[in-house]
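Down below is the structure, laid out as structure tokens.
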Amino acid sequence: MPGNQEVMWPRLVANKILRKRLGSNNFVADFPCNKEIPSLDRPSLSPNSIFSHHKDTHNYRIFVSTWNVGGVAPPEDLDLEDLLDTGNTSCEIYVLGFQEIVPLSASNVLGSENSMVAMKWNSLIRRALNNKKKPHCLDKIQHSNEEQNNNIPGQDFRCIISKQMVGILITVWVRSYLCPYIRYPSVSCIGCGIMGCLGNKGSVSVRFRLHETSFCFVCSHLASGGRQGDEKLRNSNVSEIFSRTSFPRGLSLDLPRKILDHDRVIFLGDLNYRISLPESNVRLLVDERDWKSLLENDQLRMELMNGQFEGWNEGSIQFAPTYKYRPNSDVYYGCFHQSKKGEKKRAPAWCDRIIWYGKGLKQHEYDRGEENFSDHRPVKAIFTAEVGVLHSLKQFQSFFLSERFDRITSQTDDFVCKGRSSFQI
């Protein structure tokens, strides 16, 4: 019994600390988001039209990326416009997930929500998204609901959620004209790392409602390891994330609580699933660019067919494995002609993935970036998401853009919810 108590004591202490640290629902944003669209007295809008239950469906473009940056702070001159493809693609929502933004150490394993590194990444993202020197081209994805010109007021990007847990960071940016329609933002952090609970591995999930449709994005870093059976640890992480992630139900108790309860769900991150083949076979097939044979033995594909991710979807992979590279090079780590004596050899794998669940999402692009200062390459995807919009909200939008709204804005300051952290970089 004394031996068991000694083993369990660190875990119990860690869990107690983590309830306050990792489980915090605080996050930072450019400004507090509205919980509700304010109810204003508008004599010219009839009650019948205001409370109409008729819904329209709008399509919004969403850019999603994941990147394990290997504990390396971003260089000052890092240009994210190529990764975000801002010169060729115009999206309404950008969701960027990172892993290992800080190196693992005893001092940061419990996490920090005020990391200067996270602020640096957000600053680079802001600079890339709001760089008006490069005009946005018309996107390949047809979208008739909103203006295409980034110079029109309301087209700049604002951060609505940014949340860090140790090395995991997820940050969500939307065009500013959408901000009045973003409600109920929330976060949920799950640690699955050291002692089964610390935040060096796990997930940071964010959710919000856009108009009448709920979104959930899960940024994760699952257990590593390329040995046979290590995939079971990753599957266990996934099970923990699904079971333990929880969001507030709201005052009316009608908000989604669990990940899969949301209307649109995207799971991204360094999922660490490997290829179940001998290393020499993997390297040979990579050299031959035989993605089909490799993917037939990809552990995540097996889980998608009949496992932890059964019922989820992933786009066609037509790019090289994203792990493990020698930093600042295009050479895979552990290549025979460049390996050092005693150096571990890690077979290439598609560790970095983006998958989605349910209806209402259509993927248009799935590719990798070529930024090379990390041992991982970033992965990115573009979706269109169907969003339900109440007919009355279209009338509200017209009202917000009218002169009558300008005359009463000084009376509506109290409608903005208070108490949420904000930042301006």
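The values are calculated or read from the model by the stated rules, or taken from the named source; none is laboratory data. None of these values were measured; they are calculated from a predicted model. All Cβ positions, glycine included, derive from the backbone under ideal geometry; neighbour counts span all protein chains shown. Just so you know, the surface numbers come from the protein's heavy atoms only, side chains and all, with ligands and any DNA or RNA stripped out. Shrake-Rupley method; radii C 1.70, N 1.55, O 1.52, S 1.80 Å.
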For this session: Tell me which residues come under 5 Å, amide H to amide H, from Arg353 once H is placed; ignore anything under 5 positions away on its chain.
Result: Gly269, Leu271
For this session: Starting with the highest mean, order 325-333, 351-359, 79-87, 250-258 by the number of other Cβ atoms within 10 Å, averaged over the residues of each peptide.
Result: 351-359, 79-87, 325-333, 250-258
Problem set entry | Unsatisfied cross-links (Cα-Cα over 30 Å) in the set Lys120/Lys324; Lys232/Lys258; Lys258/Lys362; Lys120/Lys359; Lys345/Lys380; Lys120/Lys380 | Lys120/Lys359
Problem set entry | Rounded percent of accessible protein surface that carbon and sulfur make up, segment 184-323, 1.4 Å probe | 47 percent
Seminar exercise, completed: Per residue, accessible area of segment 203-325 with a 1.4 Å probe, heavy atoms of protein chains only, in Å², comes to 42 Å²
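Please sort 205-214, 89-98, 361-370 by packing, taking for each peptide the average over its residues of neighbouring beta carbons within 10 angstrom, highest first. Intermediate results must be reported in sequence, preceding the final value.
Details: 205-214: 22.0, 89-98: 24.7, 361-370: 16.2.
The packing order, highest mean first, is 89-98, 205-214, 361-370.
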For this session: Would you mind checking which residues have amide H under 5 Å from Arg368's amide H? H placed 1.01 Å from N; only 5 or more apart, or other chain.
Result: Lys380
Seminar exercise, completed: The answer for the net charge of residues other than Leu285 whose Cβ lies under 12 angstrom from its Cβ, with Lys and Arg +1 and Asp and Glu -1, is -3
For this session: Kindly give the semi-axes, whole Å and largest first, of the ellipsoid equivalent to segment 249-363, taking each as the square root of 5 times a Cα gyration tensor eigenvalue.
Result: 35, 15, 12
